[in-house]
Amino acid sequence: MSISDTLATLSITLPTPAAPAGAYIPVVTYNNCAYISGQLPIEGGKLKYTGKVGSEQSIENGQQSAKLCVINALAALNAELGSLDSVTRIIKLEVYVNSAAGFTDQAQVANGASNFLKEVFGDKGLHTRVALGAAELPLNAATEIVITAAYK
Amino acid sequence: MSISDTLATLSITLPTPAAPAGAYIPVVTYNNCAYISGQLPIEGGKLKYTGKVGSEQSIENGQQSAKLCVINALAALNAELGSLDSVTRIIKLEVYVNSAAGFTDQAQVANGASNFLKEVFGDKGLHTRVALGAAELPLNAATEIVITAAYK
Amino acid sequence: MSISDTLATLSITLPTPAAPAGAYIPVVTYNNCAYISGQLPIEGGKLKYTGKVGSEQSIENGQQSAKLCVINALAALNAELGSLDSVTRIIKLEVYVNSAAGFTDQAQVANGASNFLKEVFGDKGLHTRVALGAAELPLNAATEIVITAAYK
């Protein structure tokens, strides 16, 4: 099954990649490695999840926010590579959670991204990960995510 | 001298790698580069150092916490590669310090990790580094560490 | 035009790279990729921009701080490679902004670094980026920056 078929099965439509909010680009490829810029939980051109997880947002919303960041990362990657079927491995996932004071369940929030990558890519989606609590995130996003992927 | 001999000399026993706390894996290898997931200061299955460095933990404890994170990273790397003698270079060390308000000695805390890598790997352990203060860390760990290493 | 000519046109003199504040080194190269250690806004041997952007420092100062971090990164890279003309691509820019509570314009601060990279390297300076708010940074620096670059 192609990745686009898998996404259809999951009822996911990749959006048109958002233009970067500055003098940078969405993806740089080097040595068959795709470096994707930090992604925010944007849907339909605006932020869907804002504020601090643990006070303004629940863990469940944080997980949805993390998943939405991944969808935006995949949209950028798809636009760069032409097809997500070229992806041979998700190498690294960095999950930054806009965290309320005392909130320490960043790993649970990050699972919203990790589980989705596994659903989309199967074993190729098994990645290394770091999850952290950020003091503040751009535009008050609830989560920000960076993905590095190998492709052929 | 092999790395395992060096570790023995330093009285370090590598633990059995902890299972990841989510749908990710401890190490991904690509292009002879090993990407290791974020490591916490876990010993004997539980967190040894928790809370904010600069208030709940001293700099010295923060350094021990950073060293313990490195030990766990090396355990994961050893399990993946079969032997740490395959490591040709520690490329990058990322040190996240759970920081009390106003605590700015993250570099001193990170030295607990950097010095240990030098002890274990000699010149192959000379790495680039970034040290940051995190607002919160998973499970309230005092430090979290990410290592990227080259191997043959 | 060589990069050193471009820097001269921009009235930029690369400083002597600062010695790392710990048991690490400024640059590691691997697979024609240069990994540069986290850089602080140091000028003439001391920090020029300290404190939190959004309260103690303006966005404009934060942008200058980010640019200064990049200058220090380029100084380290130049010392390692012998010439910045070897750089074929700026791959990744990580911008950590020491952020006041509620400050969410990290992307604007990061543009101080991104725009400068574009001025110096042209299209080779078009990079991927992540911008984050840090709770605290080493020595109370206003910004800290990590750059990864490809070279030939």
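The values are calculated or read from the model by the stated rules, or taken from the named source; none is laboratory data. Model, not experiment: these values are computed from the prediction. Positions of Cβ are backbone-derived with ideal geometry, glycine not excepted, and every protein chain shown enters the neighbour counts.
Points worth noting:
- B:E119 vs. criteria within 13 Å of chain A (Cβ to nearest Cβ), surrounded by fewer than 20 Cβ atoms within 10 Å (Cβ to Cβ), under 18 Å from B:A150 (Cα atoms) and not basic (K, R): no
- Residues in region A:7-25 that are aliphatic (A, V, I, L, M) and part of a helix (DSSP H, G or I): A:L7, A:A8.
- Taking first residues from region A:2-14 that are without any contact (Cβ under 8 Å) to a residue 12 or more places away in the chain and partners that are of a type in the set (A, V, I, L, M, F, W, C) and surrounded by 12 or more Cβ atoms within 10 Å (Cβ to Cβ), the Cβ contacts under 9 Å between residues at least 6 apart in sequence or on separate chains come to A:T13/A:L7; A:T13/A:I71.
- For beta carbons closer than 7 Å, sequence separation of 6+ or different chains, a first residue in region A:113-127 that is free of Cβ contacts under 8 Å to residues at least 12 places away in the same chain and a second that is in a helix (DSSP H, G or I), the qualifying pairs are A:K118/A:G125.
- Among the candidates B:L81, B:L68, B:L93, B:L40, the residue that is within 30 Å of C:K52 (Cα to Cα), in contact with a Phe, Trp or Tyr (Cβ under 8 Å, 6 or more places away or on another chain) and either modelled with pLDDT of 95 or more or surrounded by fewer than 20 Cβ atoms within 10 Å (Cβ to Cβ) (or both) is uniquely B:L93.
- Residue in region C:22-44 that is over 24 Å from B:I91 (Cβ atoms) and either without any contact (Cβ under 8 Å) to a residue 60 or more places away in the chain or basic (K, R) (or both) present: yes
- Condition broken by C:A142, with the remaining ones in (1) buried (at least 24 other Cβ atoms within 10 Å of the Cβ); (2) free of Cβ contacts under 8 Å to residues at least 60 places away in the same chain; (3) more than 9 Å from every other protein chain (Cβ to nearest Cβ) satisfied: (2)
- Yes/no for B:N98 being surrounded by fewer than 20 Cβ atoms within 10 Å (Cβ to Cβ), of a type outside the set (A, V, I, L, M, F, W, C) and either over 14 Å from C:G22 (Cα atoms) or without any contact (Cβ under 8 Å) to a residue 24 or more places away in the chain (or both): no
- The test for being at pLDDT 95 or above, buried (at least 21 other Cβ atoms within 10 Å of the Cβ) and touching a Lys or Arg at 6+ places or on another chain (Cβ under 9 Å) holds for C:T148.
- Entry remark, region B:14-24: residues being at pLDDT 95 or above and surrounded by fewer than 17 Cβ atoms within 10 Å (Cβ to Cβ) number 1 in total.
- Test set (1) of a type in the set (G, A, S); (2) crowded, with 16+ Cβ neighbours inside 10 Å; (3) at negative phi - A:A8 fails condition number: (2)
Matching residues to (1) of a type in the set (V, I, T); (2) within 19 Å of A:A141 (Cα to Cα); (3) over 13 Å from the mean Cα position of the chain (by Cα):
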position: C:A100; (1), (2), (3): no, yes, yes
position: C:D105; (1), (2), (3): no, yes, yes
position: C:A113; (1), (2), (3): no, no, no
position: C:F116; (1), (2), (3): no, no, no
position: C:F121; (1), (2), (3): no, no, yes
position: C:A131; (1), (2), (3): no, yes, no
position: C:A135; (1), (2), (3): no, yes, yes
position: C:P138; (1), (2), (3): no, no, yes
position: C:Y151; (1), (2), (3): no, no, yes
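- Scanning region C:47-74 for residues that are hydroxyl-bearing (S, T, Y) and either touching a residue at least 12 places away in the same chain (Cβ under 8 Å) or closer than 21 Å to B:D105 by Cα (or both) turns up C:Y49, C:T50, C:S55, C:S65.
To keep it simple, each residue is scored yes or no on (1) farther than 27 Å from C:A100 by Cβ; (2) within 13 Å of chain A (Cβ to nearest Cβ).
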{"site": "B:Q108", "(1), (2)": "no, no"}
{"site": "B:A113", "(1), (2)": "yes, no"}
{"site": "B:R129", "(1), (2)": "no, no"}
{"site": "B:G133", "(1), (2)": "no, yes"}
{"site": "B:E136", "(1), (2)": "no, yes"}
{"site": "B:T148", "(1), (2)": "yes, yes"}
{"site": "B:Y151", "(1), (2)": "yes, no"}
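- Among the numbered conditions (1) within 11 Å of chain C (Cβ to nearest Cβ); (2) in contact with a strand residue (DSSP E or B) (Cβ under 7 Å, 6 or more places away or on another chain), the only one that A:T29 does not meet is (2).
- Residue match in region B:58-71 (condition: under 25 Å from C:T148 (Cβ atoms), under 16 Å from the mean Cα position of the chain (by Cα) and among the small types (G, A, S)): yes
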